[in-house]
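Asks: Below you will find the structure I want to go over with you.
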Amino acid sequence: MTKRILSGMQPTHGLHLGNYLGALRNWVDLQHNDYEALFCVVDLHAITLPYESDMLASRTREVAAAYIAAGIDPRKSTIFAQSAVPEHSQLMWLLATMAQMGKLDRMTQFKDKAGKNAERVGLGLYAYPVLMAADILIYKATHVPVGEDQKQHLELARDLAATFNTRYKREFFPQPEPQILGEATRVMSLQDGAKKMSKSDPSEKSRINLTDDAETIAAKIKRAQTDSEPLPMNVEGLKDRAGADNLVTIYAALKRCSRADVLSEFGGQQWSGFKPALAELAVAELSPITAKMADLMANPAKIDKILAQGAEKARSIAAPVLKETMDIMGFWH
């Protein structure tokens with residue numbers, strides 16, 4: 001069986017350092033392995049909460065530009081917009097008939113996003129994990145790079161694959177395996193080391209955007225949350241120091257080394273020495289991406305062409321899977 005990877009990011013606000021270190025850079029590495037790789041901009045997921053409709057298309061292009069600028073090669077990997085492949089939505093409905101309410105009720109991300117308004121949010125947010133399962137299974141993806149916060153959704157995809165296979169007595173959908181890679185799978189807010197870095201955080205100071213210039217990156221790191229103690233001599237010393245742990249983790253991820261390696265170099269030093277070194281490292285890593293993104297966004301027709309070609313390739317895989325699914329389920333078509 002072909003080893004196939006599927007993953008994606010939402011075009012809500014802009015991508016940030018956490019998206020890059022926690023996922024995007026790992027995708028770039030994976031495309032050089034023995035996988036067929038598909039990376040989509042999950043714009044259908046982006047409309048499950050209130051959003052700016054006049055910005056959706058441009059933000060879709062911006063996420064695609066970030067993929068390419070970070071190193072996703074359209075000649076090796078398929079880059080496309082989720083909404084351009086209607087088979088995602090069609091399979092989602094078929095899977096929804098097998099998704100158990102009890103399992104959807106236990107989805108922690110729905111509880112987090114719905115908050116106290118759970119009875120007022122739309123069905124889309126509640127059924128989000130079923131669409132995510134369809135995103136994966138429509139390509140019979142075997143491996144899915146995910147963050148810790150998405151593992152529960154991937155488990156539902158595995159459950160739905162097993163339910164379909166059992167109900168229709170055939171091994172049709174594979175069991176997708178999670179891939180959690182890299183030192184910084186969970187980058188935290190620069191203003192609160194106990195909270196994940198988020199696109200939706202109202203404070204721009206909480207995150208480093210992939211579109212930030214060098215001066216902005218340096219300023220955000222300078223103001224990042226730490227404490228009055230110097231850097232510890234070992235990893236154990238980071239316990240209960242969320243802000244400190246976050247900055248050391250970011251440095252380690254950018255340099256592709258361990259936190260222990262970072263502390264062997266900087267342990268015992270003051271933050272006034274470490275933060276400029278972190279800023280320099282972050283600027284060196286992100287500046288080429290920011291520049292390439294700007295070039296791409298100045299030529300939207302180039303991005304559109306890549307997305308259109310990607311959608312055509314994705315549909316060539318998805319359409320036969322949907323047809324066979326419907327054949328198995330007994331539909332006339």
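Readers should treat all values here as calculations from the given coordinates under stated rules, not as data from a laboratory. Please read all numbers here as calculations on a predicted model, not as lab measurements.
Asks: Helix hunt in the chain: which complete DSSP H runs extend at least 27 Å axially by C-alpha with mean Kyte-Doolittle at least -1.0? Numbers along the way, then the final one.
Replies: Values: long enough: 271-297 (36 Å, 0.60); 300-329 (41 Å, 0.06).
Span-like helices, by this rule, are 271-297, 300-329.
Asks: Here is a follow-up. State the three equivalent ellipsoid semi-axes of the chain, derived from the C-alpha gyration tensor as the square roots of 5 times its eigenvalues, in descending order and whole Å.
Replies: Values: eigenvalues 267, 97, 71 Å².
The answer is 37, 22, 19 Å, longest axis first.
Asks: For the chain, what proportion of DSSP beta bridges, expressed in % and rounded to the nearest 5, is antiparallel?
Replies: Details: 2 of 17 bridges.
Approximately 10 percent, going by the DSSP bridge assignments.
Asks: Right, another one. Considering only C-alpha atoms, what is the centroid distance from the stretch 1-46 to the stretch 224-240, in Å?
Replies: Cα centres, the stretch 1-46 to the stretch 224-240: 32 Å.
Asks: Please state the Cα pair-distance histogram of the stretch 204-295 with 5 angstrom bins from zero: what percent is in each bin?
Replies: Result returned by the calculation: 2, 14, 26, 24, 17, 10, 4, 2, 0.
Asks: Under 10 Å, Cα contacts only: if you run a Gaussian network model on the chain, which one of 128, 51, 139 comes out with the highest mean-square fluctuation?
Replies: 51
Asks: For the stretch 204-295, what does the relative contact order come out to in percent, with C-alpha contacts under 8 Å and a separation of six or more? Working shown, then result.
Replies: Details: 97 pairs, mean separation 35.2, N = 92.
Relative contact order for the stretch 204-295 comes out at 38 percent.
Asks: Summing -39500 (n - 2.57) over the DSSP H runs of n ≥ 4 in the chain and dividing by its residue number, what mean residue ellipticity at 222 nm do you reach, to the nearest 500 deg cm²/dmol?
Replies: Numbers: 12 runs with 163 residues, N = 333.
For the chain, the value works out to -15500 deg cm²/dmol.
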